Amino acid sequence: MTSATAQEADGERRIVSDTAGVAVLGACASWSVVTAAAHGGRPEGVLLAVLAVAAGYAAGRVLGVLAPVAAPVAGALAGVALTAAAPRLASGPEIAEPLGHAGATTAVLTLSAGAASCAAWATSAPSLRFALSVLAGGIAVTGAVVGSTTATVTCTAVLLCSLAAGRMRHRGRGLAGLALAAVGVTGLTWAVAGNALPGGLAESLEDQLTPHRVGLWRDALRLARDDAGLGVGPGRFGELSATAARSPLSDGKPHSAPLQMAAEQGVVGVLLLAAVFCWVLLALWRAPRPTPVVLTAGAALTALAAVAAVGNALSFTTVSVGAGLLAGLATARPLAVEPTPAATAKNAPEREPRPRDDRRAT
């Protein structure tokens, strides 16, 4: 009776999170069409990103049920293979490297490290768990091999968060901390764009981010202020940015997802982007998977959000599909009951007590 009640409650929670996801992604697609109609923009990029996230999430939910360990391992290996085959996934020449290479390569390797760590927590075999942990560490080393310092940093951060997740009993606190981290990085990006930081700190960050990128951010913030309601229209930043016009190698993007949404789709676009991230955290919070799996996936997706705040990672379909896939894998309900760290320790074989010798010494 209790088991049936728990399953019903779990089903209701999943329906709520799934409904919220459909509503948020549908709103993102609809708003891009509205803003494009108002200013003659091109919503195809946003529509493709929404479709990629939805397709990846659906595939992750299915694969997570059938193969909760093999599926994330395959995804991690696919990400490494893609990076090795094409180390520079970003289209066109790189303009700058904020804190290393903060582009598609960093995002793919970060998601791959998160997938490998999730697979490690999903298995009950100690030897396989160790091997998958080594794989996750090897992915971090791959970032250094391909020359992406940011990938090494973000993958290492995901691994450390994964280790810490094994000792956490309440996932809500961990997810709240990840949300605060994402807000902090986004706020810092906005402060740099608005020239709201102290002089010494602003100059230091501008040197690392390069003046060209900071100029793109400030152009995006200026366009957002000019039309905070609807923005200038999807895909029109490159036409209206003075900094982008002065560079013959510009890709027409401000290299910051929040600022791009603010410039091209206004305040509502920024709120919808934040709503997508909040929906992912909600789905993870209500997921039936063990807490270490959930928090590890959350750490990888938060690292992706940080990379997207200072780069153009979300402009690539590969990254959008990978993010949706990892979120789906971490929120699926496997057919078999998964082990938890506490249960593993509790079920470990105990040493038999030594027999007592009751005979009295003569």
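The values are calculated or read from the model by the stated rules, or taken from the named source; none is laboratory data. Everything quoted here is computed from the prediction, not taken from an experiment. Positions of Cβ are generated from backbone atoms using ideal geometry, with glycine treated the same way; all protein chains shown enter the neighbour counts. In case anyone asks, the SASA skips ligands and DNA or RNA and just uses the protein heavy atoms, side chains included. Shrake-Rupley method; radii C 1.70, N 1.55, O 1.52, S 1.80 Å.
Tell me the label-point distance for the pair Ala196, Arg333, using the 7 Å Cα-to-Cβ offset, in nm and rounded to one decimal.
Label at Ala196, label at Arg333, 4.3 nm between them.
Quickly work out the Ala242-to-Val34 label distance, labels modelled 7 Å from Cα along the C-beta direction, and quote it in nm with one decimal.
3.2 nm
For the pair Ala164 and Val16, how long in nm is the line joining their label points, each one 7 Å along Cα→Cβ?
2.7 nm
For the stretch 199-296, what is the relative contact order in percent, using Cα pairs closer than 8 Å and at least 6 residues apart in sequence? Present the calculation step by step, with values, prior to reporting the outcome.
On the way: 109 pairs, mean separation 26.0, N = 98.
Relative contact order of the stretch 199-296: 26 percent.
Hey, what's the per residue convex hull volume over the C-alpha atoms of the stretch 235-333, in cubic angstrom? Numbers along the way, then the final one.
On the way: hull volume 8.6 nm³, N = 99.
Dividing the Cα hull volume of the stretch 235-333 by its residue count gives 87 Å³.
Starting from the Kirkwood radius over alpha-carbon pairs of the stretch 15-70, derive D by Stokes-Einstein at 25 °C in a medium of 0.890 mPa s and give it in µm² s⁻¹.
The estimated diffusion coefficient comes to 193 µm²/s.
Could you put Cys278, Cys155 in order of accessible surface area, largest first, with the 1.4 Å probe and the full protein assembly present?
Correct descending sequence by accessible area is Cys278, Cys155.
Once phi is turned into ³J(HN,Hα) by the Karplus curve 6.51 cos²θ - 1.76 cosθ + 1.60 with θ = phi - 60°, what whole-Hz value does each residue of the stretch 39-45 show in order, with x for glycine and proline?
Karplus-based 3J(HN,Hα) across the stretch 39-45 equals 10, x, x, 10, x, 4, x Hz.
Based on the mean of other beta carbon atoms within 10 Å per residue, what is the order of 140-146, 310-316, most packed first?
On the way: 140-146: 17.9, 310-316: 24.7.
By packing density, highest mean first, the sequence is 310-316, 140-146.
Please state the Cα pair-distance histogram of the stretch 173-312 with 10 angstrom bins from zero: what percent is in each bin?
Distribution as computed: 12, 38, 31, 15, 4, 0 percent.
In whole Hz, what ³J(HN,Hα) sequence does the stretch 108-119 give by Karplus (6.51, -1.76, 1.60; θ = phi - 60°), x for Gly and Pro?
Residue by residue, the stretch 108-119 yields 5, 5, 5, 5, 5, 4, x, 5, 5, 5, 4, 4 Hz.
From the phi of every residue in the stretch 281-296, what ³J(HN,Hα) in whole Hz does the Karplus formula 6.51 cos²θ - 1.76 cosθ + 1.60 yield, where θ is phi - 60° and glycine or proline is x?
Coupling constants for the stretch 281-296: 5, 5, 5, 5, 5, 8, 5, x, 6, x, 4, x, 5, 5, 5, 5 Hz.
Going by the alpha-carbon gyration tensor, a ≥ b ≥ c the square roots of its eigenvalues, is the stretch 194-247 rounded (a/c under 1.5) or, if a/c is not under 1.5, prolate (a/b greater than b/c) versus oblate? Can you show the working numbers first?
Values: a/c = 3.57, a/b = 1.65, b/c = 2.17.
Verdict is oblate for the stretch 194-247.
Percent relative contact order of the stretch 94-221, based on C-alpha pairs within less than 8 angstrom and at least six residues apart?
Values: 111 pairs, mean separation 38.1, N = 128.
Taking the mean separation of contacting Cα pairs over the length of the stretch 94-221, I get 30 percent.
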